[in-house]
Amino acid sequence: MIYKNANLNGKEMKSFAVENGRFAAFGEFSALEKQYPQAKIEDLKGRITACPFADAHIHLDYVYTASLPAKATASGTLFEAIDNWSEAKDRLTTEEIKKRAYIAVKQQIACGVQYVRTHVDVTDPKLTALKAMLELKEEVRDYMTLQIVAFPQEGFFAYKGGAELVEEALKMGADVVGGIPHFEFTREDGVASVKKGFELAMKYDKLLDFHCDETDDDQSRFVESIAALTYFNGMQGRSAASHTCAMGSYNNAYAFKMMSKFKKAGLNFIVCPTENCYLQGRYDSYPKRRGISRVDELTKNGLNVSFAQDSISDPWYPLGNGNLMHQLDFGLHLSHMMSIPEIEDSLKFVTDNGARTMCIKDYGFKCGNSANFVVLDADNTVDAVRNTSETVLSVREGREIMRKEPAKVLTSYSF
Ligand code: 17E
Ligand code: FE2
């Protein structure tokens, strides 16, 4: 198959050939046509052809549960949501968790997402959600690469037996060690939970991704422990700090010091723009903070930042639809990254950067890599962001897994 007139990542017009599910050649259409005379041809008409969207942070075991707890999350705060979830979660079955997750996965596929890291609550002695997610991972693998984080929502230590459940989840097949140090009882417990997380990651050869400093408390500084342990354990590139909202409240002297430590650690950052502008600022009157980490400074310092969905209709956040173009729109606004060059270079936040955090090899427009890509209904990145353009085609290992007809607008005017 030859795809011609592809605007690769919105940066470079090329044609390319796909053979046996892999990218086989990139170049001029006339040359590819000679090289592959039997190939079918699709004209992409100069539309943006990007690497598939990578959502490096979502909770697929929580989706569509907003109405399950007896109480709705009235305060809009993280801590009330965790309490409400704790009350409701015992009643869930593997079957219903899977059923709901499938609705979200289908939505993600319709939005061109092919790589997903899902945090699964393992503070449950029955590990009900983990069982659902391990099955889901296998069942969707031809459509989506799913990474599972053993995430102790109620803490390594704050939940009795939490650390043991994380370990059990890793033995059962979870890919990543999670944690939530800002939810532990004390700062010392938080640091100890990070240490325990690294110990488990080293023991079972897993990646790490902590919910980290998801608070406006400028004293919440667990990100420094994660950076230190990443560095001293030689885990550069293999660990991530999700949320890091408190960084938006750190004083500049501390933030400046930390930037160079983050660089040494090669720490990945995952930011959830809509989620945290909803959950944070809740204890502020005015002025109200916006729950965003220092995306602009991290990016300028060469650190890897991605934008992610986090929730779809759960006790934490009532909306969400899996569309990462929406997260990109919010993320750029909240981060003040709105110069034209910044927007032109922004697709990376929802594609390459997420894939890099997930340590996906085989990703990108390179001969020999799996032919995984999406086509957006836009011919340049600024228009794609401005219009939150739809994904009209998603190809995985050379197979078309989703095609969408853009909406037709019928009008009555004649000018
Ligand atoms: N759990 C958590 O600790 N924080 C969140 N934002 C969500 C779940 C969605
Ligand atoms: Fe989360």
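In segment 306-329, the count of residues that are farther than 24 Å from residue 153 by Cβ, assigned to a helix (DSSP H, G or I) and either open to solvent by 60 Å² or more (accessible area, probe 1.4 Å) or among the acidic types (Asp, Glu) (or both) is one or more. With respect to the conditions (1) more than 20 Å from the chain's Cα centre (by Cα); (2) farther than 28 Å from residue 196 by Cβ; (3) part of a loop (DSSP other than H, G, I, E, B), residue 141 falls short on a single one, namely (1). Taking the numbered list (1) within 13 Å of the chain's Cα centre (by Cα); (2) within 15 Å of ligand 2 (Cβ to nearest atom); (3) among the hydrophobic types (A, V, I, L, M, F, W, C) in turn, residue 305 passes all entries but (2).
The test for being modelled with pLDDT of 95 or more and more than 22 Å from residue 117 (Cα to Cα) does not hold for residue 276. Within segment 84-103, the set of residues being within 16 Å of ligand 1 (Cβ to nearest atom) and either touching a Ser or Thr at 6+ places or on another chain (Cβ under 9 Å) or not in a helix (DSSP H, G or I) (or both) comprises 84, 85, 86, 88, 89, 92, 97, 100, 101.
Of everything in segment 101-128 that is out of contact with any His (no Cβ under 9 Å at 6 or more places or on another chain) and more than 23 Å from residue 404 (Cβ to Cβ), the residue that is surrounded by the most Cβ atoms within 10 Å (Cβ to Cβ) is 122. Within segment 203-220, the presence of a residue that is more than 26 Å from residue 309 (Cβ to Cβ) and open to solvent by less than 50 Å² (accessible area, probe 1.4 Å) is excluded. For segment 371-392, a residue qualifies if it is surrounded by fewer than 21 Cβ atoms within 10 Å (Cβ to Cβ) and part of a strand (DSSP E or B), and exactly one does: 392. Taken over segment 111-136, the residue count meeting the criterion of being out of contact with any Ser or Thr (no Cβ under 8 Å at 6 or more places or on another chain), away from ligand 1 (no atom under 16 Å from the Cβ) and outside any strand (DSSP E or B) is 5. Scanning segment 176-199 for residues that are open to solvent by less than 10 Å² (accessible area, probe 1.4 Å), within 12 Å of residue 233 (Cβ to Cβ) and either among the hydroxyl-bearing types (Ser, Thr, Tyr) or out of contact with any Gly (no Cβ under 9 Å at 6 or more places or on another chain) (or both) returns a single hit, 198.
All of (1) touching a strand residue (DSSP E or B) at 6+ places or on another chain (Cβ under 6 Å); (2) surrounded by fewer than 17 Cβ atoms within 10 Å (Cβ to Cβ); (3) closer than 22 Å to residue 11 by Cβ hold for residue 397 with one exception: (3). The residues of segment 400-415 that are exposed (fewer than 15 other Cβ atoms within 10 Å of the Cβ) and not β-branched (Val, Ile, Thr), listed by number, are 400, 403, 405, 406, 407, 408, 410, 412, 413, 414, 415. Residues of segment 106-132 that are among the hydrophobic types (A, V, I, L, M, F, W, C) and within 24 Å of residue 279 (Cβ to Cβ): 111, 113, 116, 120, 122, 129. Residues considered: 80, 87, 28, 12. Of these, the only one that is on the phi < 0 side of the Ramachandran plot, open to solvent by 30 Å² or more (accessible area, probe 1.4 Å) and within 16 Å of ligand 2 (Cβ to nearest atom) is 80. Of the numbered criteria (1) in contact with a strand residue (DSSP E or B) (Cβ under 8 Å, 6 or more places away or on another chain); (2) over 15 Å from residue 108 (Cβ atoms), the one residue 382 fails is (1). Identify, please: which residue in segment 174-217 is acidic (Asp, Glu) and touching a Leu at 6+ places or on another chain (Cβ under 8 Å) and is, among those, nearest to residue 135 (Cα to Cα)? Restricting to residues being acidic (Asp, Glu) and touching a Leu at 6+ places or on another chain (Cβ under 8 Å), the top hit is 175. Residue 141 passes every criterion in (1) without any contact (Cβ under 8 Å) to a residue 40 or more places away in the chain; (2) out of contact with any helix residue (DSSP H, G or I) (no Cβ under 9 Å at 6 or more places or on another chain); (3) crowded, with 19+ Cβ neighbours inside 10 Å apart from (3). Within segment 90-104, residues that are within 20 Å of residue 141 (Cβ to Cβ) reach partners that are open to solvent by 60 Å² or more (accessible area, probe 1.4 Å) with beta carbons closer than 7 Å, at six or more positions or on different chains, in the pairs 94/131; 98/135; 100/64; 103/64.
Counting the residues of segment 144-174 that are of a type outside the set (A, V, I, L, M, F, W, C), assigned to a helix (DSSP H, G or I) and either surrounded by fewer than 21 Cβ atoms within 10 Å (Cβ to Cβ) or at positive phi (or both) gives 4. Of everything in segment 31-45 that is part of a loop (DSSP other than H, G, I, E, B) and open to solvent by 10 Å² or more (accessible area, probe 1.4 Å), the residue that is nearest to ligand 1 (Cβ to nearest atom) is 45. Condition check for residue 257 on (1) open to solvent by 10 Å² or more (accessible area, probe 1.4 Å); (2) in a loop (DSSP other than H, G, I, E, B): one failure, at (2).
The values are calculated or read from the model by the stated rules, or taken from the named source; none is laboratory data. As the structure is a computational prediction, the values presented were derived from the model and not from experiment. Don't worry about glycine lacking a Cβ; one is built from the backbone with ideal geometry, like all the others, and counts go over all protein chains shown. Calculation scope for accessible area: heavy atoms of the full protein, side chains included, ligands and nucleic acids excluded. Shrake-Rupley method; radii C 1.70, N 1.55, O 1.52, S 1.80 Å.
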